[in-house]
1. Which of 266, 177 comes first, and how do the rest follow, when ranked by fewest Cβ neighbours within 10 Å?
2. By how many nm would the segment from residue 288 to residue 9 lengthen if fully extended, with 0.36 nm per residue of separation less the alpha-carbon distance?
3. Considering only 46, 206, 134, give the residue with the highest GNM mean-square fluctuation for the chain, with springs between Cα atoms whenever their separation is below 10 Å.
4. What is the list of residues in the range 187-231 whose amide nitrogen lies under 11 Å from a point 7 angstrom out from the Cα of residue 252, following Cα to Cβ?
5. So how many Å³ per residue does the convex hull of the Cα atoms of the chain work out to?
6. Tell me whether the range 94-236 comes out rounded, prolate or oblate; compute the Cα gyration tensor, take square roots of the eigenvalues as a ≥ b ≥ c, and use a/c under 1.5 as the rounded threshold.
7. When the chain is treated as a GNM, springs tying every alpha-carbon pair under 10 Å, which of 139, 42, 72 comes out with the largest mean-square fluctuation?
8. Normalised by the number of residues in the chain, what is the relative contact order in percent for Cα pairs under 8 Å and 6+ residues apart?
Ligand code: CUA
């Protein structure tokens with residue numbers, strides 16, 4: 001998986017304004033640095049004027065007070081302008097999203113549509129989306145560099161934040177606040193889709209999971225209800241645990257373990273066999289199952305589209 005932030009192009013209005021501010025401050029800083037170095041070099045090679053106290057005071061007042069005040073004022077003004085430009089308004093029909101940080105994964109809920117998923121935030125492209133964010137345990141931070149903005153998830157308060165992706169695409173997100181052993185493997189994807197495609201996705205996620213077909217999958221479902229249902233939910237079944245991610249449509253997701261590995265049959269099987277192998281410290285225990293039971297369980301989970 002590529003490093004988030006590498007080769008980033010602004011893909012939303014927030015990122016665009018922040019990108020612009022970042023460059024403005026960089027150029028301003030570079031100009032000041034150049035000026036200081038130039039004066040330093042001139043000062044080093046210049047003969048002191050005979051008996052002149054006046055020019056020194058001009059430099060101190062001019063450079064130390066006037067110039068500093070002007071520059072800091074300029075930085076302040078640019079920052080205020082960027083702050084104003086980055087507070088987006090939502091429209092009435094844009095879907096609300098609720099995001100809960102867990103060690104070490106993201107719970108994503110669409111409360112108006114009864115949809116719960118994990119580690120993959122789907123949004124319609126070109127629409128401002130209001131998110132309410134909180135944490136279930138320690139402080140996490142939601143950050144998608146290409147779309148812009150960064151907001152903390154706190155255990156005792158809800159933060160509200162509006163994001164927007166201009167074009168359809170898949171954007172990498174990370175947790176940007178150290179939150180324990182697997183902080184670095186607390187990733188997620190933002191999948192921005194054309195509005196109709198997003199609506200279809202919501203519809204599919206809201207539907208109960210497809211019931212298992214085939215003997216292996218049916219056996220896998222029974223094993224799941226005994227071994228996994230205390231922590232995980234699956235729509236349309238008795239499994240309603242809320243410790244771990246909702247798995248109603250787990251097979252439709254792109255990654256496992258919050259961006260730790262790609263979601264494939266082989267990885268899925270290896271993940272449930274020993275999640276700690278990929279993510280040491282993960283709260284999901286290693287199940288005590290035979291290879292055959294694990295195989296059945298994996299077949300069942302692969303069918304959850
Ligand atoms: Cu969650 Cu770092």
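Any read-out appearing in this document is the output of simple, stated calculations on the displayed coordinates, not a laboratory observation. Keep in mind that this is a model prediction, so the values were computed, not measured. Cβ coordinates were reconstructed from backbone atoms using ideal geometry, including for glycine residues, and neighbour counts include every protein chain displayed.
1. On the way: 266 10, 177 19.
Placing the least packed residue first, the sequence is 266, 177.
2. On the way: separation 279, 0.36 × 279 = 100.44 nm, distance 4.60 nm.
This chain segment gains 95.8 nm when fully extended.
3. Looking only at 46, 206, 134, the largest GNM fluctuation is found for 46.
4. What the label zone holds, given the 11 Å backbone N cut-off, is 198-210.
5. Values: hull volume 48.7 nm³, N = 305.
That works out to 160 Å³ per residue.
6. Values: a/c = 2.08, a/b = 1.31, b/c = 1.59.
Taking the square roots of the gyration eigenvalues as a ≥ b ≥ c, the range 94-236 is oblate.
7. For the chain, modelled as a Gaussian network with Cα springs under 10 Å, the answer is 42.
8. Details: 540 pairs, mean separation 49.1, N = 305.
Worked out over the chain, it gives 16 percent.
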